[in-house]
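Reviewing the structure listed below.
The values are calculated or read from the model by the stated rules, or taken from the named source; none is laboratory data. Every value quoted in this text rests on a predicted model; they were computed, and no experiment measured them. Here Cβ is always computed from backbone atoms with ideal geometry, including for glycine, and neighbour counts include all displayed protein chains. For accessibility, only protein heavy atoms count, side chains too; no ligands or nucleic acids. Shrake-Rupley method; radii C 1.70, N 1.55, O 1.52, S 1.80 Å.
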Amino acid sequence: MYKLSEKGERIRDMFGSIAPRYDLLNRVLSLGIDQRWRRFAVAKIGVSGSGRVLDVATGTGDVALEIANQTPAAVQIVGVDFCKEMVDLGVVKVAESRHAGRISFQVAPCEDIPFEDQTFDAATIAFGIRNVVDRVKGLGEMHRVLKGGAKVVILEFSTPTLPVFKQLYHFYFLKVLPRIGGAFSRFSAYQYLPDSVLEFPSRDVFKGMMTQVGFKDVKHYDLTGGIATVYVGTK
């Protein structure tokens with residue numbers, strides 16, 4: 001079994017501590033825009049008919065449910081996440097949905113996905129790749145479990161490119177968001193969020209990492225002025 005680094009364990013424990021309020025805070029802090037971003041990302045997976053889709057860093061299952069919303073009933077979805085507390089909430093959420101029979105969960109890190117080579121017809125990860133300590137290994141694992149020709153779709157926060165928008169964004173992320181989040185949950189967790197976004201590689205560097213592990217035709221789509229970016233690659 002893959003052993004998380006000390007940093008990975010800290011990140012996992014932090015998410016475990018905020019799990020009960022994670023969904024509420026996402027809606028409040030993003031003004032609901034994150035739901036539109038997820039819909040856009042899932043529309044890029046290109047799965048129709050039947051098949052299996054993997055959602056990595058699934059959290060409480062929002063993307064897994066969106067995949068179910070956008071694909072035929074014959075498509076099965078598997079969500080994996082390294083935080084058991086998040087997965088436990090996702091299991092309850094899915095059980096109460098109309099997609100209960102299509103979505104299953106496992107507790108596992110992105111760096112050690114517990115499936116055979118060429119198992120899935122698409123893979124997604126939303127707002128999770130920046131929390132993967134060894135990103136190249138994580139991307140390589142997603143590449144490994146995909147079938148030939150399958151797509152990976154990655155949704156992640158980015159830094160806006162327009163100077164004025166970028167300044168406002170940084171003020172909100174560095175000053176406002178941690179205080180709003182701290183009113184609901186642990187302040188340190190919502191200080192980590194902007195720090196992790198600012199540390200994330202540039203679009204070109206990250207696409208280079210995707211290419212490095214074998215993905216082809218890698219492209220990106222900026223959303224809401226570049227606050228978020230969707231990366232798409234093909235095995």
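So here's what we get for this one:
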{"item": "For the chain, size of Cβ-based charge dipole, Lys and Arg +1, Asp and Glu -1, in debye", "result": "480"}
{"item": "Accessible area of the range 1-134 divided out per residue, in Å², using a probe of 1.4 angstrom", "result": "45"}
{"item": "Under 21 Å from Lys175, Cα to Cα: lysines that are on another chain or at least 8 residues apart", "result": "Lys166"}
{"item": "Longest site-free stretch - the chain; sites: GluC sites (Glu not before Pro), DSSP loop, at most 10 other Cβ within 10 Å", "result": "117-235"}
{"item": "Within the chain, helix-based [θ] at 222 nm, where runs of 4 or more DSSP H residues each add -39,500 (n - 2.57), nearest 500", "result": "-13000 deg cm²/dmol"}
{"item": "Surface/4 of the Cα convex hull for the range 109-179, nm²", "result": "6.2"}
{"item": "For the chain, alpha-carbon Rg and Dmax in angstrom", "result": "16.7, 47"}
{"item": "Total charge dipole magnitude, the range 44-166, about the Cα centre, Cβ charges on Lys, Arg, Asp, Glu only, Debye to nearest 20", "result": "380"}
{"item": "Cβ-placed point charges (K, R +1; D, E -1), dipole of the range 13-81 about Cα centre in debye, nearest 20", "result": "260"}
{"item": "Most mobile listed residue (Ala108, Ala126, Ala100) in the chain, GNM with C-alpha springs under 10 Å", "result": "Ala100"}
{"item": "Long pairs among Lys3/Lys151; Lys3/Lys84; Lys44/Lys235; Lys3/Lys137, criterion Cα-Cα beyond 25 Å", "result": "Lys3/Lys151"}
{"item": "Using a Förster distance of 25 Å, the FRET efficiency for Val164-Arg39 (Cβ separation, nearest 0.05)", "result": "0.35"}
{"item": "Kirkwood Rh in Å, taken over the range 16-124 so that all alpha-carbon pairs contribute", "result": "14.1"}
{"item": "Reach of Lys7 by Cα under 19 Å, taken over aspartates and glutamates that are not fewer than 8 positions away in the same chain", "result": "Asp81, Glu85, Glu111, Asp112, Asp134, Asp195, Glu199"}
{"item": "Trypsin sites (Lys or Arg not before Pro) within the range 1-77, DSSP loop, no more than 14 other Cβ atoms inside 10 Å", "result": "Lys3"}
